[in-house]
1. Using only helices, what value at 222 nm comes out for the chain when you add -39,500 (n - 2.57) per DSSP H run of length 4 or more and divide by the total residues, to the nearest 500 deg cm²/dmol?
2. From the C-alpha coordinates alone, can you work out the Kirkwood hydrodynamic radius of the chain, in Å?
3. If each residue's Cβ is checked for other Cβ atoms within 10 Å, how do 171, 75 rank with the fewest at the top?
4. Note down the relative contact order for the chain as a percent, whole number, built from C-alpha pairs under 8 angstrom at least six residues apart.
5. Multiply the residue gap between residue 171 and residue 28 by 0.36 nm, knock off their C-alpha separation, and tell me the result in nm, one decimal place.
6. Ignoring chymotrypsin sites (Phe, Trp or Tyr not before Pro) that are buried or in helix or strand per DSSP, and keeping those with at most 15 other beta carbon atoms within 10 Å, what is the longest stretch of the chain between them?
7. How many angstrom lie between the C-alpha centres of region 34-76 and region 182-205?
8. Treating only the Cβ of Lys, Arg, Asp and Glu as charged (+1, +1, -1, -1), what charge dipole size does region 67-218 show about its Cα centre? Round to the nearest 20 debye.
Amino acid sequence: MLSGSSPSVSGPSTSASNWFDAEFANQLTHGFGAVLSVIGSVVLIRASLASGDVWAVIGCSVYSATLVLLYVMSTLSHSFEREKPRNLFRTMDQVCIFLLAAGSYTPVGVTIMRFGEWWLLLALIWGLAIAGSLYKLCVTKLENVPVWFYVLVGWLPILAIWPMAAEVGWTGTCLILSGALSYMIGTYFLVHDDRAPYFHALWHIWVIGGSTCHYFLHLLYVA
């Protein structure tokens, strides 16, 4: 993801051959993630339907849609050499980061945390995600959105960590925090992906780790 910051072609460590090898690794990692996300989404939505809770169905469906979209757009953003489709999917990839950041909280936000003032947190997260998406589409366009903007949207749910922890217990809390930590470790490789050809693929792997933790949170405690 954030493939607009793919490794630049300069220096011996980023020769044309290495760059194409790195792009194949980028395709492979999030192509694998796309397959897993489709399979996982089917399982998650079926489980939420079986629960009979309409809010769980809505939350899991929104999350699944944003998860699949992100992995598909990310894979496509690394799959074209031609500038026009490559730029299109790079842009959509970065928009989908905002959508997944909001989508990852949605199943919890519309079930466990849908009572009282906590609706405002869900509204705030989606408001910022939509604002970030529009900022990408209308302002930065082919330029990257600052990473801190994604981090802000992704970490806003931490405001509700104590009431969430009370509902999901130690295991659920570990899944929440492990997922967040995985994304943050991955961000290091994203920000520095011009230092080595495979840093961007490592970012992808940490994203898979983070989304896997949050997927099982929803499967175990929401669906």
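Computed from the coordinates by the stated procedures, all read-outs in this text should not be read as laboratory data. Note that the structure is predicted; figures quoted are calculated from it, not measured. All Cβ positions, even for glycine, are placed from backbone atoms using ideal geometry, and neighbour counts span all protein chains on display.
1. Taking each H run of at least 4 residues, the total per residue is -26500 deg cm²/dmol.
2. 17.7
3. Ordered from fewest to most neighbouring Cβ atoms within 10 Å, 171, 75 come out as 171, 75.
4. 29
5. Residue separation times 0.36 nm, minus the Cα-Cα distance, leaves 48.4 nm.
6. 116-223
7. About 25 Å separates the Cα centre of region 34-76 from the one of region 182-205.
8. Charge dipole of region 67-218: 260 debye, to the nearest 20.
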